[in-house]
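The block underneath contains the structure these notes are about, expressed in structure tokens.
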Amino acid sequence: MTTFLQDLKKIDEETGHFGQFGGRFVPEALISALDQLEAEYLKAAADPKFNDDFQDLLKNYVGRPSPLTEAKNLSKHAGGARIFLKREDLNHTGSHKINNVIGQALLTVRMGKKRIIAETGAGQHGVATATAAALFGLECVIYMGEEDTVRQSLNVARMKLLGANVVPVTTGTKTLKDAINEAMRDWVTNVESTHYLLGTVAGPHPFPTIGRNFHSIMGVEARQQILEITGKLPTAVTACVGGGSNAIGLFHPFILDKEVQLHGYEAAGDGIETGRHAATLSGGTIGILHGTRSYVLQDENGQTLASHSISAGLDYPGVGPEHAWLKDTGRAFYHPITDTEAMDAFSLLSRTEGIIPAIETAHAIAGTVNLARELGKDAVIVINCSGRGDKDVETAAKWFKINPKS
Amino acid sequence: MSLLHDTFLKAKSENRAVLIAYLPAGFPTIEGSIKIIKEMLESGVDIIEIGVPYSDPLMDGPVIQQAVDISLHNKTGIKDVMHVVKEVSMLGKPVLTMSYWSPIEKWGIEKFAQQMTHAGGIGVITPDLPPDESQAWITQTDKNNIDRVFVVAPSSTEERLSLVTKNVTGFVYAASLMGVTGTRTEVSNRAEELVARIRKHTTLPVAVGLGVSTTQQVKEVAQFADGVIVGSAFVRIILEQADLSKSIAAIGQLCKDFARVLRKN
């Protein structure tokens, strides 16, 4: 791990580089807005009033701290290692996404902007953004791939109820990647009045750093909670990885605890070997997508390839640059989980613990069960239970051939 | 680098702006794009920008997105782009490519610059590569005598204009408005102001693009810029006209119209 600690110096928060990853590959038109966002974030981070407002909203609006639930039945099933769930599914709006949204919405108000736009895949980030827009009285437009509006129709209705304008994106693959393209096009046109509330830890600097910092509340709490319960640091912390926001939020406060293993689980769809997957770190190569250098699913001409996953929230051919760097330095490990493995885990957690996870989260559950068996019964593992599965009930009913009427 | 320089200089001596046309390679087909570009260059276009198709063109509006989709559907790769560059540079006019950064970086920065030179291309426009990230690109374009064009926007601060213009060679590409490519009913009044601000930082020629599609707009922009860039207007003709020879004729006519108003300015 000495290499890693030396490499830690290569995180340059000023230019947003994580070793060779990160940076800004965007039109010059957006540079001043990114600079403004970064400057406002740095000012806010040093402002006690901003921190108080943020903490107050997290506590009294989001419902933090989220509990750390011991999953005893799941532990038994997985060979005896103690498994804890960081219950982000219990947050207001049902996932971890709200942490970053509240932070960025406060920044939007500070910048004097009146309109927020966002992309969404599973709809969780869109719902969180629409929620914050309602709370702060901001105009809100959510871009969502047409395919995702179908498989996550419940969340579309939620966003509309909250007063957001949901724009189905019909270009390209009609999923998250293209929703980001459309949001970027809107931003480049309306940048003076509008904040782009990017929902993941990808995109140009400073988004990966800001998103990670707002989300790191999860890891900070989990670290404290597990120390209180077990008296020591966990053997491993785990999370699913699409763009990587819930994973980086949990991982980051443990990065310097070199005895704690970090494991991320990516969506392998039908299996990496089939080409129909979204496991960017396991099956991608280094390239550029959406303003950042990271691992990307792309061909030799630099064209982004379509990703595939049963989970709309992980169905993305890129990944946050800090994860790329954690992978290459050997600090974190990333593993592929297929649709079938994830859906089995979806059912497993529902039946063993009475917790229906988001399908995204189910990837982390599946991977962690394998990990627990490897690590043995003395291990302690914290999983980021990043979201609840209400939005996925229709998909799951179809998958398991459940007929609600019979 | 002299061909581009000479082209602007010659136009200046004729007291006119240069006409720059954009077309994605491989649209509507690879051979079709060669024929159309040749027609453009024979109908008064001074400089051609050949678009490298990219799957995620976030600076482009629906018209060019559609063209790029067709080009990618035709499986246009960088090899094909170089083929188009080679064919059309035989006409002796400056040929540039315009590419998002992903294809160049993936293909290989050095390889791309070398292949451009071998194909007869003289410059590359990179709309999403800020100078801050372009160290390797600067090295390779210098080494291979390729002009390096960056794009600035009305939102660019003086500090950014200074940084960008210091790293540009050939000409500065000024985006006339905040937004994506596509035809607009009027030229943004921010274009003229931006050109004036750019001139405080550099003596290089300044060309204006984004939203310029009519003879009236070309005439207007030519009053304050050294070059006028037209893209979506040509693409639209091809999208609306299935018959290639008819769209070639219509594009040739439009180029001649633009060239004529530039000479009357």
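The values are calculated or read from the model by the stated rules, or taken from the named source; none is laboratory data. This structure is a prediction, so every number in the text was calculated from the model and none was measured. No Cβ is skipped: glycine too gets one built from the backbone with ideal geometry, and neighbour counts run over all protein chains shown.
Tabulated data for the structure shown
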quantity: Counted residues, the stretch A:264-280 - those being of a type outside the set (F, W, Y), surrounded by 23 or more Cβ atoms within 10 Å (Cβ to Cβ) and touching a residue at least 40 places away in the same chain (Cβ under 8 Å); calculated: 7
quantity: Residues of the stretch A:105-126 classified as at pLDDT 95 or above and among the small types (G, A, S), total; calculated: 4
quantity: Which listed residue is surrounded by 24 or more Cβ atoms within 10 Å (Cβ to Cβ), β-branched (V, I, T), out of contact with any helix residue (DSSP H, G or I) (no Cβ under 8 Å at 6 or more places or on another chain) and over 22 Å from A:A366 (Cβ atoms), from A:I117, A:I180, A:I98; calculated: A:I180
quantity: Options A:G313, A:G330: the member that is buried (at least 24 other Cβ atoms within 10 Å of the Cβ), touching a Ser or Thr at 6+ places or on another chain (Cβ under 9 Å), away from chain B (no Cβ under 12 Å) and not β-branched (V, I, T); calculated: A:G313
quantity: Subset tally (residues that are among the small types (G, A, S), closer than 19 Å to B:K143 by Cα and within 14 Å of another protein chain (Cβ to nearest Cβ)) for the stretch B:100-123; calculated: 1
quantity: Check on A:A81, buried (at least 22 other Cβ atoms within 10 Å of the Cβ), over 14 Å from A:Q152 (Cβ atoms) and among the aliphatic types (A, V, I, L, M); calculated: yes
quantity: Qualifying residue in the stretch B:155-175 (condition: within 14 Å of chain A (Cβ to nearest Cβ), in a loop (DSSP other than H, G, I, E, B), over 20 Å from the mean Cα position of the chain (by Cα) and in contact (Cβ under 8 Å) with a residue 40 or more places away in the chain); calculated: no
quantity: Every pair of residues 6+ apart whose Cβ atoms lie under 8 Å, when the first sits in the stretch A:131-150 and is within 19 Å of A:H96 (Cβ to Cβ) while the second is at pLDDT below 95 and charged (D, E, K, R); calculated: A:D148/A:K174; A:D148/A:D315
quantity: Residue within the stretch B:42-60 that is away from chain A (no Cβ under 14 Å), farther than 23 Å from B:L129 by Cα, buried (at least 22 other Cβ atoms within 10 Å of the Cβ) and in contact (Cβ under 8 Å) with a residue 40 or more places away in the chain present; calculated: yes
quantity: The stretch B:163-217, subset touching a strand residue (DSSP E or B) at 6+ places or on another chain (Cβ under 8 Å) and among the small types (G, A, S), residue farthest from B:Q65 (Cα to Cα); calculated: B:G170
quantity: A:I142 within 14 Å of chain B (Cβ to nearest Cβ), buried (at least 24 other Cβ atoms within 10 Å of the Cβ) and among the β-branched types (V, I, T); calculated: no
quantity: A:E147 within 15 Å of B:L58 (Cβ to Cβ) and either modelled with pLDDT of 95 or more or away from chain B (no Cβ under 14 Å) (or both); calculated: no
quantity: Candidate set: the stretch A:285-307, residues that are buried (at least 24 other Cβ atoms within 10 Å of the Cβ) and assigned to a loop (DSSP other than H, G, I, E, B); chosen: the one nearest to the other protein chains (Cβ to nearest Cβ); calculated: A:G302
quantity: B:V88 vs. criteria surrounded by 19 or more Cβ atoms within 10 Å (Cβ to Cβ), over 26 Å from B:E159 (Cβ atoms) and within 12 Å of chain A (Cβ to nearest Cβ); calculated: no
quantity: Some residue of the stretch B:20-34 being in a helix (DSSP H, G or I) and among the aliphatic types (A, V, I, L, M); calculated: yes
quantity: From B:S176, B:S188, residue being surrounded by fewer than 24 Cβ atoms within 10 Å (Cβ to Cβ), modelled with pLDDT under 95 and touching a Leu at 6+ places or on another chain (Cβ under 7 Å); calculated: B:S188
quantity: Segments classed as strands (runs of 3 or more DSSP E), wholly inside the stretch A:116-219, with at least 2 members that are farther than 24 Å from A:I248 by Cβ; calculated: A:139-145, A:165-169
quantity: The stretch B:128-149 - residue that is surrounded by fewer than 23 Cβ atoms within 10 Å (Cβ to Cβ) and assigned to a loop (DSSP other than H, G, I, E, B) and, of those, farthest from the other protein chains (Cβ to nearest Cβ); calculated: B:N145
